[in-house]
Amino acid sequence: MIKDQNPLEGSGMYSHLTRTEVERELLKHKELMKKKDGHIRELEDYIDNLLVRVMEETPSILRVPYVPSRKAGKFNQS
């Protein structure tokens, strides 16, 4: 049987803080999460737009399996 535990028990790094300080930390973390979510959304939009451009310009590279006509950075030796 698992006994109920207080989620704040054992969180030593916050145990010395007052309730107000913990609330302040929580608000900071929420703001940070909001910024990260926005950044993730921007990256997802960028990837979506990039994929659309690839589909329009060179859809053949999206074939599975993709077989490149030549290796990047390699030159044919003649």
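Brief remarks follow.
- Inter-residue pairs, beta-carbon under 8 Å, first in a loop (DSSP other than H, G, I, E, B) and in the range 1-23, second modelled with pLDDT of 60 or more and of a type outside the set (S, T, N, Q), 6+ apart: Leu8/Tyr14; Leu17/Glu25
- Neighbours by Cβ (under 8 Å, 6+ apart or cross-chain): first from the range 34-60, of a type outside the set (Asp, Glu); second part of a helix (DSSP H, G or I): Val54/Ile61; Val54/Leu62; Met55/Leu62
- Of the listed requirements (1) of a type in the set (A, V, I, L, M, F, W, C); (2) more than 26 Å from the chain's Cα centre (by Cα); (3) modelled with pLDDT of 95 or more, Leu17 misses just one: (3).
- Residue within the range 20-40 that is loosely packed, with under 10 Cβ neighbours inside 10 Å, modelled with pLDDT of 80 or more and of a type in the set (Ser, Thr, Tyr) present: yes
The values are calculated or read from the model by the stated rules, or taken from the named source; none is laboratory data. These numbers were taken from a predicted model, which means no experiment stands behind them. Glycine also receives a Cβ, built like all others from the backbone with ideal geometry; neighbour counts cover every protein chain displayed.
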